[in-house]
1. For the range 130-272, what relative contact order do you get, as a whole percent, if you take Cα pairs closer than 8 Å and at least 6 residues apart?
2. Report the full-extension gain for the segment Ser511 to Gln84: residue separation times 0.36 nm, less the Cα-Cα distance, to one decimal in nm.
3. In percent, how large is the relative contact order of the range 2-90, given Cα pairs closer than 8 Å and 6 or more residues apart?
4. Within the range 1-74, report the GluC sites (Glu not before Pro) that DSSP leaves as loop and that have at most 16 other Cβ atoms within 10 Å.
5. Residue separation times 0.36 nm, minus the C-alpha to C-alpha distance between Glu314 and Lys154: what's the value?
6. Here are several values of volume of the Cα convex hull per residue in Å³: [x] 200; [y] 139; [z] 152. Which one was derived from the coordinates shown?
7. Starting from the Cα-Cα distance between Thr283 and Asp301, subtract it from 0.36 nm times their residue separation and give me the gain in nm to one decimal.
8. What does the net charge come to around Ala348 if you take all other residues with beta carbon closer than 12 Å to its beta carbon, with K and R at +1 and D and E at -1?
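Every number here is computed from the coordinates shown, using simple stated rules; none is lab data. These numbers were taken from a predicted model, which means no experiment stands behind them. For neighbour counting, all protein chains shown are included, and Cβ atoms are generated from backbone atoms with ideal geometry for every residue, glycine included.
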Amino acid sequence: MKVTHIPFQQTGFFSKTMKDYLEKNESIKEYYHNFPDIDGFAKQIEEKKGFSKENRDVLVKTLQKQYENVEASDLTIENIESLQDENTFTITTGHQLNLFTGPLYFLYKIISTINLCETLSEKFPKQHFVPVYWMATEDHDFEEINYFNFKGTKVVWNRNDGGAVGRFNTKGLKEVLEVFSKHIGATRNAEYLKNLFKKAYINHQNLSDATLYIANELFKEYGLVIVDADHANLKQLFAPIVKDELLHQTSFKAVSQTITDFEKEYKVQVNPREINLFYLTDTIRERIIFEEGTYLVNDTDISFSKEEILQELESHPERFSPNVIMRPLYQEVILPNLCYIGGGGELAYWLELKNYFNKVEIPFPILLLRNSVQVISEKQAKKLKNLNVSLEEIFIKQHKLLAKKVKENSDIQFSFQDAQTLLEQQFAALQRVAEQTDVSFVGAVNAQQQKQLKGLKNLEKRLLRAEKRKHSDLVTRIITLQDELLPNQSLEERQRNFSEFYLEYGPNFISTLKEALQPLQLEFTILEV
């Protein structure tokens with residue numbers, strides 16, 4: 001194993017928002033609280049020490065109930081019990097219930113979380129840190145999670161949509177397993193993957209339990225605690241915030257205020273609604289709308305008066321589901337959490353929420369950009385070396401990479417940049433002459449300059465095309481290799497499923513990742529295996 005780190009910014013796959021955040025740019029500082037470094041965690045621990053004992057007790061009892069039929073490791077069980085202690089804190093990541101974990105970065109999120117807990121345990125020996133995977137069981141975007149990619153093939157689960165995905169039954173996944181099995185062969189690692197899929201989706205009744213099973217099987221030895229927050233007892237802890245939302249629309253007011261300034265510099269990821277709650281049953285998850293003194297459930301005949309909806313909240317808190325704006329707050333209310341680990345898009349919408357947290361007086365967590373990884377095999381590393389393509393150059397846009405490498409291998413040493421500079425100098429002299437005559441001559445000089453520069457650019461493009469034809473073998477090899485590493489010219493972690501790598505490397509793949517990933521280094525990881 002060889003590990004190389006490069007700045008996230010250098011890959012070209014991360015937004016201005018994340019670049020500024022990682023660089024602690026002044027323009028973004030007002031949108032986050034403590035930065036993800038050791039000093040930041042020391043401050044966050046002090047702020048979170050007042051976390052409610054009642055909330056800890058409810059959390060532990062709920063988790064113990066959820067784990068009754070799960071073969072948890074001793075470390076996971078110890079971690080759950082430790083949450084009752086005032087010196088225990090969580091580090092949390094969240095993810096949708098993607099079929100068979102979905103994109104590869106599911107692993108990177110969780111391993112980042114586990115490794116950060118271990119790092120903090122070394123730095124703060126008087127505290128205990130528990131890695132948490134928050135399952136997005138209340139999401140309803142089924143089309144985002146009903147498939148995974150395996151070696152370019154899309155493995156899809158087709159079923160009727162409706163309601164929170166965690167409550168979906170697993171009917172139809174036996175047929176998906178049959179399709180998947182045809183693709184992966186009969187090696188020892190293939191049999192493990194088939195059994196993992198079967199025990200998760202065929203032996204469990206709903207998607208929430210199936211996903212918990214998979215995550216537990218992959219990470220239980222590291223003490224991972226998996227939370228399904230779609231539970232009445234946990235929702236009861238959040239009920240005061242829900243009541244405030246129903247009566248005062250606090251989240252809409254606070255986040256809208258933030259967005260007014262945020263959008264001047266950065267892309268807004270999510271926009272708040274007037275009420276950022278869904279009404280949830282086994283068959284529906286629909287928006288709650290307030291119109292003319294009545295609370296309506298969108299696309300249904302369900303409605304409530306003010307008194308009725310408050311009574312509904314008191315009797316059935318589990319029927320109120322936070323949307324993307326309020327879910328982060330729900331997490332921080334029920335967990336003694338210090339830090340949320342997520343991807344760039346996730347953290348960008350968290351940055352819109354700090355003012356809302358302040359309004360409801362809940363500590364805003366540290367935000368940490370998850371580890372990102374490019375896996376390179378020995379064979380691919382050898383090809384890169386033979387092509388004289390560095391690890392950093394992998395991420396250059398393909399047309400620019402080809403131009404760069406063709407020029408490096410060309411026998412023709414001519415600098416169009418030097419020619420352009422010379423041309424601009426010549427026209428600068430002509431412009432000085434023109435300024436001493438009349439305006440029409442100035443315009444003619446400027447027009448001719450643009451024409452000549454455009455002609456020079458066209459000649460450069462024609463020479464490059466000719467050189468590409470001359471070096472067609474080099475061009476083809478670079479395209480083939482970069483397409484292998486970056487499928488669809490995107491990071492492989494967003495395209496591939498962990499099963500491709502498990503099939504080749506087995507359980508060593510996860511242990512290798514765990515050894516390689518360093519969450520607080522805040523850099524992109526290239527892993528040669």
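1. Numbers: 125 pairs, mean separation 38.3, N = 143.
Rounded, it is 27 percent for the range 130-272.
2. On the way: separation 427, 0.36 × 427 = 153.72 nm, distance 2.96 nm.
Stretched out fully, the Ser511 to Gln84 stretch lengthens by 150.8 nm.
3. On the way: 32 pairs, mean separation 18.5, N = 89.
Computed over the range 2-90, the figure is 21 percent.
4. For GluC sites (Glu not before Pro) across the range 1-74 that sit outside H, G, I, E and B with at most 16 neighbouring Cβ atoms in 10 Å, the list reads Glu23, Glu68, Glu71.
5. Numbers: separation 160, 0.36 × 160 = 57.60 nm, distance 4.40 nm.
Full-extension gain reported as 53.2 nm.
6. Recomputing volume of the Cα convex hull per residue in Å³ here gives the entry labelled [x].
7. Working: separation 18, 0.36 × 18 = 6.48 nm, distance 1.40 nm.
Taking 0.36 nm per residue and subtracting the Cα distance, the gain is 5.1 nm.
8. On the way: positive: Lys16, Lys19, Lys267; negative: Asp20, Glu263, Glu265, Glu346, Glu352.
Neighbour charge sum, excluding Ala348 itself: -2.
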